[in-house]
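Readers should treat all values here as calculations from the given coordinates under stated rules, not as data from a laboratory. From a predicted model like this one, the values you see are computed outputs, not experimental measurements. A quick note on method: Cβ atoms are made from the backbone with ideal geometry, for glycine too, and the neighbour counts reach across all protein chains shown.
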Amino acid sequence: MTPKVKAFFDGQTFTVSYVVQEPEGSACAIIDSVLDFDHASGRTTTHAADKVAEYVGSEELKVEWILESHVHADHLSAAPYLQQKLGGKIGIGAQIVAVQDTFGKVFNEGTEFQRDGSQFDALFSEGDSFHIGQMRGDVLHTPGHTPACLTYVIGDAAFVGDTLFMPDFGTARCDFPGGSSTTLFESIQKILSLPDKTRIFVGHDYKAPGRDEYAWETTVGEQKALNVHIGQGRSIEEFVEMRDARDATLAMPRLILPSLQVNMRAGQMPPADEQGDVFLKVPINKL
């Protein structure tokens, strides 16, 4: 089955969100939505999410799922906003509990912060399946970037989140808490074992040097042959050495602190205080 895929590129965070529709019908899923956040002012807006919602409305689609590939560290999720407007269930990987445990401690969230994934409507594990109308989706657990990373295989399309980028840009970083370059290599092999013609849709694009346009669609065959980090049969030893050395040079994402606090809550802000005001924390020397 070949789903219809509509991509929405957010130039502020270089994130690609997707509306995935069954080929014969109106059911759809939204993958990796974006809530606009101005770090300097602390203000949120919904411009990116509204573009998705407008498309869903114009095509008269029915949203059945709002899916997260992982707990993003570079943008805030708009899942609750879109759920309120459009319906659908919010899903993420079952290992969200490990991420919540880690960052619940980093942000000193206390016992009132539930670390059982209950903020989400569905928690997926390896081998689970779900349906978008008559179209089946299958779940691959592909950790390494984070413990909870998933790849959603829907018909002939695989939505890989941050695990793989376009072939000329490579692979995800592995230096966040719970990340592992060895684990990432193993997860990528799982994705590359899919049929060569499988379409791969990446979660971000940063326009590799020498490329004029942003891009987000490739194939398993192209990744195996051309990926600058993992292609042409690179060994696990070579990959781990390259990935660990590269990660040691990378700065933290600009929005990592607000993103983690919101996304580990399924896109909800932290609880308001007695005056109704919401605050995000800045832990010092924790990351």
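Below are the figures for this structure:
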| quantity | calculated |
| --- | --- |
| Residues of type lysines that LYS286 reaches as a straight line, Cα spacing below 28 Å, ignoring anything fewer than 8 places off in the same chain | LYS105 |
| Neighbour-count order for GLU274, GLU64, fewest beta carbons within 10 angstrom listed first | GLU274, GLU64 |
| Selection of GluC sites (Glu not before Pro), region 167-254, meeting DSSP coil and at most 15 other Cβ within 10 Å | GLU213 |
| Modelled FRET efficiency - R0 35 Å, ARG234 with GLU112, Cβ distances, 0.05 increments | 0.15 |
| All lysines inside 23 Å of LYS224 as judged from Cα atoms, apart from same-chain residues fewer than 8 positions distant | LYS190, LYS197, LYS207 |
| Over the chain: helical MRE at 222 nm, DSSP H runs n ≥ 4 each giving -39500 (n - 2.57), nearest 500 | -7000 deg cm²/dmol |
| Under 13 Å from the Cα of LYS85 - aspartates and glutamates, other chains or at least 8 residues apart | ASP50, GLU54, GLU64 |
